[in-house]
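Participant: One structure is given below, represented as structure tokens, and several questions about it will come after.
The values are calculated or read from the model by the stated rules, or taken from the named source; none is laboratory data. A quick note: this is a predicted structure, and the numbers were derived from the prediction, not measured. For accessibility, only protein heavy atoms count, side chains too; no ligands or nucleic acids. Shrake-Rupley method; radii C 1.70, N 1.55, O 1.52, S 1.80 Å.
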Amino acid sequence: MAIERTFSIIKPDATERNLTGKIIDKLESAGLRVIAQKRIRMTREQAEGFYAVHKERPFFGELVETMTAGPVVVQVLEGENAIARNREVMGATNPKDAAPGTIRKEFARSIGENSVHGSDGPDTARQEIAFFFTEDEIVG
Ligand code: DAT
Ligand code: MG
């Protein structure tokens with residue numbers, strides 16, 4: 001299995017409840033290494049650009065509000081099969097459907113405030129990493 005990189009966000013609902021460390025523990029325990037990380041406040045423009053693929057969806061306004069409601073922690077994760085592995089440890093988008101032990105099952109408040117983002121494929125992973133990080137900020 002190839003070593004991959006993926007992009008992750010610890011969302012405002014989680015930073016607000018001081019869950020950053022618990023979430024990182026879940027990621028690291030799943031075999032993912034944090035090779036870049038910073039805590040930022042996402043601007044409205046960044047949130048709209050990052051989630052542009054969803055701009056026609058009925059929840060887009062709520063999504064942008066949620067992502068700009070407080071600080072986020074953006075990360076690059078590296079590991080074997082990192083993209084799928086991260087999606088697995090995150091759990092389903094709706095915490096009601098998330099498997100036991102996943103981040104969203106344990107921590108998410110709702111489908112909108114679901115604690116984490118993770119890239120869904122190799123192309124989005126590359127784009128999303130480049131959206132928030134320069135190469136020199138990534139220490140593999
Ligand atoms: P995921 O974050 O699991 O990749 P997605 O890409 O379909 O899910 O949606 C992006 C985010 O948008 C999701 O994490 C939370 C929000 N969202 C998705 N569906 C929603 C809904 N029906 N109501 C409110 N927010 C929603
Ligand atoms: Mg998605």
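Participant: Excluding ligands and nucleic acids, what accessible area in Å² is computed for GLU16 using a 1.4 Å probe, to the nearest 10?
Facilitator: It works out to around 130 Å².
Participant: Can I ask one more? Solvent-accessible area per residue for the chain at a 1.4 Å probe radius, Å²?
Facilitator: That works out to 53 Å² for each residue.
Participant: Sorted from largest to smallest, which semi-axis lengths in Å does the alpha carbon gyration tensor of segment 63-118 give for its equivalent ellipsoid, taking the root of 5 times each eigenvalue?
Facilitator: Semi-axes, largest first: 19, 16, 8 Å.
Participant: Report Rg/Rh for segment 8-140, rounded to two decimals, where Rg is the Cα radius of gyration and Rh the Kirkwood radius. Could you put the intermediate results ahead of the total?
Facilitator: Details: Rg = 13.7 Å, Rh = 14.8 Å.
Ratio of gyration radius to Kirkwood radius for segment 8-140: 0.93.
Participant: Follow-up. Determine how large the accessible area of SER110 is when every protein chain is in place; take a 1.4 Å probe and give Å² rounded to the nearest 10.
Facilitator: So the heavy atoms of SER110 present about 50 Å² to solvent.
Participant: How about LYS22: which lysines have a C-alpha closer than 23 Å to its C-alpha, ignoring those fewer than 8 places off in the same chain?
Facilitator: Qualifying lysines at Cα under 23 Å: LYS11, LYS38, LYS96, LYS105.
Participant: Same structure, new question: Take every Cα pair under 8 Å in the chain that's 6+ residues apart, average their separations, divide by the length, and report that relative contact order as a whole percent.
Facilitator: Contact order relative to length: 38 percent.
Participant: Tell me the carbon and sulfur percent of the accessible area for the chain, rounded to whole percent, probe radius 1.4 Å.
Facilitator: The value for the chain is 48 percent carbon and sulfur by accessible area.
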